[in-house]
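The values are calculated or read from the model by the stated rules, or taken from the named source; none is laboratory data. Since we're looking at a predicted model, the values are computed, not measured. Here Cβ is always computed from backbone atoms with ideal geometry, including for glycine, and neighbour counts include all displayed protein chains. The protein model used for the area step is the full one, side chains on, heavy atoms only, and it has no ligands, DNA or RNA in it. Shrake-Rupley method; radii C 1.70, N 1.55, O 1.52, S 1.80 Å.
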Amino acid sequence: MALALEIVTPDGVAWHNADVSSVTLPATSGEIEILAGHIPLITMLNAGAVGVVAKGREENIAIDKGYARIMGDVVSVLTEAAVNVEKLDISDIERAKEEALKAIEDAKKNRIDDDEIERLEAIARFSIAQQLAKGKKKS
């Protein structure tokens, strides 16, 4: 029996696979693993790595904070952003994180509005999630 996993962002479906053995989610209460036959669950997610095992192959998808719903054998992740870390270069991630952190610092010094600071913090948070997911891929 397999799971179906879909990761949805405001831009649409970022990742989908209907033949998944297990899904590991970065829940706010701690990392949880979902297998076929899991009880129904709705949980909040931290920015981090969604680990997927499909056909014996492991993949990590970096997500921003969001929510997950497990109903039957369908795992739905709703998040602000998602990217498969295999397509990322670690130096690009590091550069984006540093630029976002510097922009946050500058915004706070220049008393930029809270919405802009929140947007910059989301960029930094997602960059850190990508680093974490890429790091998991190496091990």
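Report the full-extension gain for the segment Ala36 to Lys55: residue separation times 0.36 nm, less the Cα-Cα distance, to one decimal in nm.
5.4 nm
Which of these values of mean projected area of the Cα convex hull in nm² was calculated from the structure shown: [x] 8.7; [y] 13.1; [z] 9.4?
Matching entry in [x] 8.7; [y] 13.1; [z] 9.4: [x].
With a 1.4 Å probe and every protein chain left in place, work out the accessible area per residue of the chain in Å², rounded to a whole number.
Value for the chain: 57 Å² per residue.
If I take every Cα pair under 8 Å that is 6 or more residues apart in the chain, average their sequence separation and divide by the length, what percent do I get for the relative contact order?
23
State, to one decimal in nm, how far the label point of Met71 lies from the label point of Thr43, with both points 7 Å from Cα in the Cβ direction.
With each label point 7 Å from Cα toward Cβ, the separation is 1.9 nm.
Under a straight-distance cross-link criterion of Cα-Cα below 18 Å, which aspartates and glutamates are reachable from Lys109, leaving out those fewer than 8 residues away in the same chain?
Cα-Cα hits under 18 Å: Glu98, Glu99, Glu118, Glu121.
Please give the net charge around Asp106, taking every other residue with its beta carbon less than 12 angstrom from that of Asp106, where Lys and Arg add +1 and Asp and Glu add -1.
+1
Ordered by packing density, taken as the mean number of other Cβ atoms within 10 Å over each peptide's residues, highest first, how do 112-125, 45-58 rank?
Peptide ranking by packing, descending: 45-58, 112-125.
Along Cα→Cβ, 7 Å out, is where each label goes; now give me the distance between the ones at Ala2 and Ser21 in nm to one decimal.
Result for the modelled spin labels: 1.3 nm.
Could you work out what % of the accessible surface of the chain is carbon and sulfur, using a 1.4 angstrom probe and leaving DNA, RNA and ligands out of the count?
Roughly 52 percent, rounded to a whole number.
With runs of 4+ DSSP H residues as the only contributors, calculate the mean residue ellipticity of the chain at 222 nm using -39,500 (n - 2.57) per run, divided by the residue total and rounded to the nearest 500.
-11500 deg cm²/dmol
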